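The values are calculated or read from the model by the stated rules, or taken from the named source; none is laboratory data. In this text, all values refer to a predicted model and were calculated from it rather than measured experimentally. Heads up, the Cβs are rebuilt from the backbone with ideal geometry, glycines too, and the neighbour counts pull from every protein chain shown. The accessibility values were calculated without ligands, DNA or RNA, using every heavy atom of the protein model including side chains. Shrake-Rupley method; radii C 1.70, N 1.55, O 1.52, S 1.80 Å.
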Amino acid sequence: MKFSQPVERAYDFDYFKTRTHSRVILLFVAVALVGVVLLGRLFSLQILQHTELSQKAEQNRMRAVPMLAPRGMIYDRSSKILATNKLSHSLLFQPGRLSSQQAYQSLQRLSHYLGLPYAELLSRVRFDSVEPIYLAHNLNSKALALITENQSRLPGAEVVTELERFYPENELASHLLGYMGQITAEELKSHRYQAYRPGALVGKTGLERLYERFLKGTDGKSLYAVDLGKHEKKLSKTIAAVPGNSLKLTLDKPLQQFCMELLDRRKAPGSIVVMEPQTGAILAMVSYPAYNLNLFTEGLTQAEWKTLQNTRYFPFFNRTLNAYPPGSIFKIVTALAALQEGYLRPEQTFYSKGYLNVGGHIFYDWHRGGFGIVNIYQALAHSIDTVFYELALKMDIEPIRDYAKKFKLDQPTGLELKGEHPGLIPDKEWKKRVIGVDWLPGDAVNTSIGQGYLQMSPLQATRMIATVANRGKIPRPYLVQEILGTDGNAVFTAQPEKHQQEISEIEPRYWDVVQRGLEGAVTYGTAKAMKLKYHGVAGKTGTAETSPGKSTHAWVVAYAPTNQPRYALTVFLEHGGSGGGKAAPIAKQILKYLLENDLEQTNRSKERN
């Protein structure tokens with residue numbers, strides 16, 4: 001058998017050269033692509049993400065401990081302290097430096113030490129935060145001792161000492177000052193709070209909230225260098241905190257305390273407002289009951305918050321700004337409307353027999369026996385209902401409505417505080433639209449004496465009587481006299497004269513009539529409990545009917561001295577009985593305090609200077 005010889009194949013140099021060249025190109029392209037990716041990543045790290053990565057590196061190298069800015073003070077008109085700051089202990093927590101297990105274990109232990117539900121504590125934590133979070137403020141001695149003793153078992157937790165809000169008088173002016181509380185997750189998302197850290201205290205209500213941006217200041221921080229084990233080595237840098245601006249209010253602290261004590265003796269809800277009639281400056285504004293502002297800086301649990309909300313008489317409810325049927329204090333408006341519109345002459349007389357028949361319905365006077373033949377001065381002094389019934393039947397509701405609106409009784413007064421009720425002045429269109437039935441003559445009769453659908457707040461009532469004292473000039477109430485910078489100089493000063501309005505349509509002689517009637521109320525009428533020996537007082541009482549089966553609201557409005565009014569005031573007692581019997585004696589005590597103590601002497605000294 002013969003085998004065939006293998007055929008030798010010639011080496012194809014061009015073929016292998018082409019293949020090798022292709023591989024080199026592919027390798028070069030791959031290397032180039034890797035290079036481009038690396039360069040792109042390097043560009044991203046060095047240029048695009050430089051700031052972010054530098055910050056992260058700095059955060060790993062440094063640890064920041066916040067230094068809260070001292071909050072601005074709140075003073076009364078004489079620089080007496082209403083809100084200040086005191087040294088207290090706060091608990092910081094930094095979950096960003098812990099594992100999930102460490103963070104949850106620390107929170108469970110802290111829940112026990114703080115006496116707070118674990119779920120509530122967990123809700124205060126933002127696990128994506130690299131900055132320390134405030135878990136609790138104003139630690140009590142028990143919690144402080146437990147946390148300090150168990151510090152080694154609480155990774156991420158740290159107690160710091162700093163200045164936090166404190167109210168020396170606890171409940172005084174609580175509805176005006178407002179309370180502080182921990183910032184919420186929703187608030188942190190808003191532009192207004194972009195400079196705040198989680199858990200920080202912010203103003204929640206009242207002036208604390210409205211003037212937050214002035215009171216807050218700018219927080220500082222201490223920077224500590226840390227090693228690879230994340231242990232602090234030394235203080236590297238301190239950025240000082242800048243204190244907030246302070247508020248100087250129009251309030252007189254001793255007067256506010258005195259008015260609060262008067263209501264506290266009754267242990268029943270009510271409100272007192274004292275105002276300078278010429279300027280609108282609020283000297284005292286009390287809503288009773290009140291609440292302890294310091295409770296909120298400690299951090300209330302949900303259970304504690306619900307308990308406070310359900311307390312008898314609702315202490316969070318600001319009665320000064322809420323609207324109620326005003327009763328006979330509204331007769332001031334009815335009288336002025338009738339005088340100016342020609343439905344009443346100053347010398348006109350009426351026969352008061354104690355009741356009036358209106359369309360078959362008997363409307364009684366508060367004094368069923370009547371007063372006989374009387375004029376408008378006596379009608380105001382004795383608060384004779386039937387005189388105003390007759391005027392209402394002559395005028396109908398339109399003039400009463402229009403003059404109530406001239407007194408701005410259908411709108412908020414413009415006070416800085418939020419939540420002010422605008423009041424309610426009913427008319428035919430309103431009743432048809434809201435109640436769904438037609439207006440009746442009896443509706444005008446009821447409105448003329450401050451009953452029916454009519455509503456007014458104690459603050460509006462105070463502005464109304466101040467307008468009478470001013471003979472038509474309407475002041476705008478205000479609370480903040482100045483905002484003071486850290487150097488003590490004013491960066492803002494109130495200018496109340498710019499906001500004053502005037503009822504120009506009422507002739508001077510008609511102001512004379514009403515003022516004389518109000519002076520008579522104190523001299524010999526329903527408000528005689530306010531009579532003072534050495535000072536003239538003008539005023540009007542009101543006893544407003546409320547829901548069936550409930551006691552009447554007691555009202556009184558007044559101004560004094562009559563020859564040069566310095567003070568306008570309202571006393572309102574919710575379901576407190578009669579205005580003349582219950583509210584007027586309280587008003588007398590306030591007027592005696594005002595006219596016989598240092599506040600009056602101070603005002604006289606200012607005038608002499």
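Tabulated results
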item: Residues of type aspartates and glutamates that LYS306 reaches as a straight line, Cα spacing below 20 Å, ignoring anything fewer than 8 places off in the same chain; result: GLU120, GLU171, GLU298
item: Length-normalised contact order for the range 446-518 - Cα pairs under 8 Å, 6+ apart - percent; result: 26
item: The range 62-249, relative contact order in percent, only Cα pairs under 8 angstrom and at least six apart counted; result: 35
item: Spin-label model distance (nm) - LYS473 vs SER222, 7 Å beyond Cα toward Cβ; result: 5.6
item: Placed amide H near GLN481: partners under 5 Å, 5+ positions off or other chain; result: LYS248, LEU249, THR250
item: Most to least packed among 83-90, 261-268, 542-549 [average Cβ atoms within 10 Å]; result: 83-90, 542-549, 261-268
item: Fraction of accessible area attributable to carbon and sulfur, the chain (%, probe 1.4 Å); result: 53
item: Protection-proxy order for peptides 333-341, 475-483, each taking the mean of Cβ atoms within 10 Å per residue, highest first; result: 333-341, 475-483
item: Over the chain, relative contact order from alpha-carbon pairs under 8 Å, at least 6 apart, %; result: 13
item: Estimated inter-spin distance, SER78 and SER129, nm [label 7 Å along Cα→Cβ]; result: 4.2
item: Nearest-0.05 FRET efficiency for GLN108 and ASP264, computed from C-beta distance (R0 45 Å); result: 0.55
item: Residue-span extension gain [GLN411 to THR238] - 0.36 nm each, minus C-alpha spacing; result: 57.2 nm
item: Calculated FRET efficiency for the pair LYS86/ARG368, C-beta based, R₀ 56 Å, to 0.05; result: 0.40
item: Karplus-derived 3J(HN,Hα), 6.51/-1.76/1.60, for each residue of the range 70-86, Hz, glycine and proline x; result: x, 6, x, 6, 10, 10, 8, 5, 9, 6, 7, 6, 10, 9, 9, 10, 9
item: Residues of the chain: accessible area per residue with a 1.4 Å probe, Å²; result: 49
item: Set LYS80/LYS528; LYS473/LYS531; LYS418/LYS531 screened for pairs whose C-alpha atoms are more than 30 Å apart; result: LYS80/LYS528; LYS418/LYS531
item: Qualifying lysines (Cα of each under 22 Å from Cα of LYS432; at least 8 residues distant if same chain); result: LYS394, LYS405
item: Long-range HN-HN contacts of HIS367 with modeled amide H, under 5 Å; result: ASP385
item: Within straight-line cross-link reach of LYS550, lysines at Cα separation under 22 Å, skipping those fewer than 8 residues along the same chain; result: LYS267, LYS582
item: Estimated FRET transfer efficiency when R0 is 45 angstrom, pair VAL31-SER99 (beta carbons, to 0.05); result: 0.65
item: Full-stretch length increase - LYS142, LYS394 - with 0.36 nm per residue and alpha-carbon distance subtracted; result: 83.5 nm
item: For the chain, with +1 on Lys and Arg beta carbons and -1 on Asp and Glu, the positive-most of GLY280, PHE350, GLY203 along the dipole; result: GLY203
item: Separation of alpha-carbon centers, the range 435-486 and the range 256-296, rounded to whole Å; result: 19
item: Stretchable slack from GLN500 to TYR118, in nm (0.36 nm times residue separation minus alpha-carbon distance); result: 132.1 nm
item: Cut-off 12 Å between beta-carbons: net charge of the residues surrounding LYS428, Lys and Arg +1, Asp and Glu -1; result: -2
item: DSSP beta bridges in the range 62-249 [antiparallel fraction, %, rounded to 5]; result: 95
